[in-house]
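Step one of this worksheet: look at the structure below.
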Amino acid sequence: MDGAAIVRIRELKKDSVNFVLENVDLAFANSLRRVVMADIPSIAIDMVEIDANTTVLPDEFIAHRLGMVPLISANCDDAMRYTRDCTCPAGCPICSIWLQLSVTCTDDRTIDVTSDNLEVVPGPFGMSMSMDDAPEELTKRGPYFGHPVNEPGAQPVLLCKIRKGQELKLRCVARKGIAKEHAKWSPCSAVSFEYDPHNKLRHTTHWFEVDERAEWPLGPNAEEEEAPREDQPFDFNAKPNKFYMEVETDGSLGAQEVIMKGLAELQTKLANLILGIKPDLDMIAGGDGQAAGAWGTDGGNWNASEPAAGGAWGAATAQDATSPAWANTAPPFGGGSSRRGAASPGRAAWSSSPTGGGGGGGWGGAQTGWGSPNRETNGWAT
Amino acid sequence: MNAINRHELFVLDEGENPVEVTEDTKIPNAATIRIAKQDHTLGNMVRAQLLSMPSVLFAGYKVPHPLQPYFIIKVQTDGTITPQFALETACNDLIKMVGDLEVKFKREFAFKDADGATGSNAAGGPTAGGDDPYGGGGGWSEGKDYLDF
């Protein structure tokens, strides 16, 4: 891209951030938008067992509403496993959070059942694990991990209203997931994205009856850019360069965390693609298994790719000294094909000792683990 | 009705190759790369980056069917590099750029936090009990010592 990217945060609140992104490609800015909306894990209620429901709403209705309740998911990348990645047979404290709700109305008044009535409970296994020998994931959780978001001064989420004699009693299991599976797992409630507020690039056509200017008033972002002169010819080579975004979260994650995780997720996707093209990478397989759906566990796959590219890689690193080269540092741990991808999402800091040929040989174990931090100990990825 | 399970959109099947390269037999220096369980997020970004490289003659991607969770990207180069290497370079450049952006975002967030007002440390209140429930700063900044090798 032309020149280095520029970021300017215009406004930062705990659940929203408004920023301007400059000197990036339209495709890239859009990828950032897509990734924060759909690829960041959070926690949401995924299963509901209804013990008693004499309210006016059917079970499904209530179950669906429960799924939408935002739960505090800070650091859930590391603090929780996907159920599909967990070794437990049917849910354990590492991959599930149990919540309970039990409200009966005995008053003459109507009672609101809200997300405040949801309480986190230890679950069917009890808290057999004390905090000392708790798995690593549990130690990374904040004190209110998995609790419904409860903003001071804000109304809780209304689930149902019940009158005298009615009862709602249920148990829920909350799990980690991403919004590609179901929108309830999206940490974002709204992401706004705008470029070219004056429509200089004519990426859109303004339909109007009489006066285009009057019928299409300029938004606040228009102040950031110079208005085109009346007689200015259309520049058909111009490309969008400045993007105005606002990311607003539902409270399950902070805005800052969403952005940083979004960038990390983009890197993971790219890194997985690189690892996929390079042949003979049997050592990366195991540890990274199931990462974000990107990797199979079968190391053998890598050997199948044709070796031709290996040579090309070697030659090319020499040719392009500025591009980061994969290093041939001795892997610090493990050996053979069972090496695990280390956690360090090595970014721009690839060591530059290209060794060329063979491709596979050039992969230091320490560099192989792209993706979310803290994956080293368990190999579970997001 | 014909849609696959939602989780299959992003979880690789057993033994599925995440990336498959098919070299084109009729066009020189061209390859079609099939990338499984990824979508426009990755495809469009990589395509745009490839097009910005002088040695790439053609780059295009498509998601052949909306119900099938993969995309293909076609790359043709001028012969100085292989399409695979072009793709790899594009990814490396993008990773570098994202890394750069990450640093800049971090700095901007730090500035805004220092400004006081609205930073993540404002997230107190009854639920928070003093501990920041949003992990603002906490969560992702730990364990990011990616220079540890």
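If you check A:V48, A:V113, A:V35, A:V69 for being under 30 Å from A:E224 (Cβ atoms) and in contact (Cβ under 8 Å) with a residue 12 or more places away in the chain, only one passes: A:V35.
In the stretch A:140-184, what count of residues is obtained for those that are more than 14 Å from chain B (Cβ to nearest Cβ), part of a loop (DSSP other than H, G, I, E, B) and not polar (S, T, N, Q)? Number of matching residues: 3.
Consider the stretch B:64-85 and keep the residues that are facing another protein chain (nearest Cβ under 9 Å) and either under 15 Å from the mean Cα position of the chain (by Cα) or outside any loop (DSSP other than H, G, I, E, B) (or both). The one that is surrounded by the most Cβ atoms within 10 Å (Cβ to Cβ) is B:Q84. When B:K37 is tested against (1) open to solvent by 50 Å² or more (accessible area, probe 1.4 Å); (2) under 19 Å from the mean Cα position of the chain (by Cα), exactly one condition is not met: (1).
Taking each residue of the stretch A:192-205 that is more than 13 Å from A:A238 (Cα to Cα) and open to solvent by less than 70 Å² (accessible area, probe 1.4 Å) and looking for partners that are of a type in the set (S, T, N, Q) and not in a loop (DSSP other than H, G, I, E, B) with beta-carbon atoms closer than 8 Å, six or more apart or interchain, yields A:F193/A:N30; A:E194/A:N221; A:P197/A:N221. Being open to solvent by less than 50 Å² (accessible area, probe 1.4 Å) and either in contact with a Phe, Trp or Tyr (Cβ under 7 Å, 6 or more places away or on another chain) or closer than 19 Å to A:R8 by Cβ (or both) is a property that A:I259 has.
Apart from one condition, A:A264 fits all of (1) under 18 Å from A:L26 (Cβ atoms); (2) modelled with pLDDT of 95 or more; the exception is (1).
Among the residues of the stretch A:12-19, not a single one is farther than 14 Å from A:V258 by Cα and either in contact (Cβ under 8 Å) with a residue 24 or more places away in the chain or of a type in the set (F, W, Y) (or both). Scanning the stretch A:89-110 for residues that are small (G, A, S) and open to solvent by 10 Å² or more (accessible area, probe 1.4 Å) gives A:A90, A:S102.
Let me confirm something: among B:A48, B:A123, which residue is at pLDDT 95 or above and at the interface with another protein chain (Cβ under 7 Å from one of its Cβ atoms)? It would help to see each step written out before you state the result.
On the way: B:A123 fails: at pLDDT 95 or above.
Result of the check over B:A48, B:A123: B:A48.
In the set (1) more than 26 Å from A:I6 (Cα to Cα); (2) in contact with a strand residue (DSSP E or B) (Cβ under 6 Å, 6 or more places away or on another chain), B:F85 fails one condition alone, (2).
When A:M80 is tested against (1) more than 14 Å from the chain's Cα centre (by Cα); (2) closer than 15 Å to A:A174 by Cα, exactly one condition is not met: (1).
Counting only residues that are open to solvent by less than 10 Å² (accessible area, probe 1.4 Å) and within 24 Å of B:V11 (Cβ to Cβ), which one in the stretch A:40-64 is farthest from the other protein chains (Cβ to nearest Cβ)? Steps first, please.
So in the stretch A:40-64, the residues open to solvent by less than 10 Å² (accessible area, probe 1.4 Å) come out as A:40-45, A:62.
Still in the running and within 24 Å of B:V11 (Cβ to Cβ): A:40-45.
Details: A:I40: 11, A:P41: 11, A:S42: 12, A:I43: 12, A:A44: 13, A:I45: 16 Å.
Here the answer is A:I45.
Going residue by residue through the stretch A:78-100, is there one that turns out to be of a type in the set (D, E) and at pLDDT 95 or above? Within the stretch A:78-100, not a single residue is of a type in the set (D, E) and at pLDDT 95 or above. When restricted to residues that are open to solvent by 70 Å² or more (accessible area, probe 1.4 Å) and out of contact with any helix residue (DSSP H, G or I) (no Cβ under 8 Å at 6 or more places or on another chain), the stretch B:40-61 contains 4.
When the stretch A:136-158 is examined, which residues are found to be among the aliphatic types (A, V, I, L, M) and either open to solvent by 60 Å² or more (accessible area, probe 1.4 Å) or closer than 12 Å to A:P70 by Cα (or both)?
Pass one, the stretch A:136-158, residues among the aliphatic types (A, V, I, L, M): A:138, A:149, A:154, A:157-158.
Within the stretch A:136-158, A:V149, A:V157, A:L158 qualify.
From the list A:V120, A:V36, which residue is under 30 Å from B:L51 (Cβ atoms), buried (at least 17 other Cβ atoms within 10 Å of the Cβ) and touching a strand residue (DSSP E or B) at 6+ places or on another chain (Cβ under 7 Å)? Going through A:V120, A:V36 in turn, the sole match is A:V36.
The values are calculated or read from the model by the stated rules, or taken from the named source; none is laboratory data. Source: prediction; values computed, not measured. Here the Cβ is made from the backbone with ideal geometry for all residues, glycine too, and neighbour counts use every protein chain on show. Side chains included, ligands, DNA and RNA excluded: accessible areas come from the protein's heavy atoms. Shrake-Rupley method; radii C 1.70, N 1.55, O 1.52, S 1.80 Å.
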